[in-house]
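No lab work stands behind these numbers, since they all come straight from the coordinates. Owing to the predicted nature of the structure, the values given are computational and were not obtained by experimental measurement. All Cβ positions, even for glycine, are placed from backbone atoms using ideal geometry, and neighbour counts span all protein chains on display.
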Amino acid sequence: MLKIMVGNMCAFRDFYGMFERYNWNALRTCEGDARNVPFRLIALLFATNDDDAEYWFRQLDNVIVVQGKVYEAALPCTRIMMYALANFSLSRISCYYICELIWLITMYYNPKESGMGNYFKLLTFHCGETVRRNLAAIQQSHILNHPDARELVEIITAKVRID
């Protein structure tokens, strides 16, 4: 992880600040509060092998989004994941699982529907808008080099694009 960070200290400072911006104890997940989410997210972002990446993906998949239901902690996680993809050279396997998590979070996103009237739809809408505004972050060549990630990026791009 240190190697990834040293080349871009300003981005790292901003990245760290993103975690500090949120009161994780007040954000909700399916487990209750989100106090463990930052550690899990950092572990996923900087995983370097398939076993670790899959493990940390599962620790988030079953907490911030469960069967299409998006919880409060998903919004800051989406913002942080998009920032990390845009600013750091993450491992290919980490990029794949991040794209899979983004896909799960945006699965029910509809850019033509604001989600008003339903709290979970509103969270999904804001997560989808975060991805839509930062699509370039997931369309980078180092992410697209992983064939499964490339397929997920195509699906995510088609999902969040406004025609």
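Normalising the average separation of contacting C-alpha pairs (under 8 angstrom, six or more residues apart) by the number of residues puts the relative contact order of the range 2-160 at 23 percent. Full extension of the segment from Arg35 to Arg92, taken as 0.36 nm per residue of separation minus the current Cα-Cα distance, would add 17.8 nm.
Relative to the Cα centre, the charge distribution of the chain, modelled as +1 at Lys and Arg Cβ and -1 at Asp and Glu Cβ, gives a dipole magnitude of about 440 debye. Treating each Cα of the chain as an identical point scatterer and ignoring solvent, apply the Debye formula and state log10 I(q)/I(0) at q = 0.15, 0.16, 0.19 Å⁻¹. Computed log10 I(q)/I(0) values: -0.76, -0.87, -1.26.
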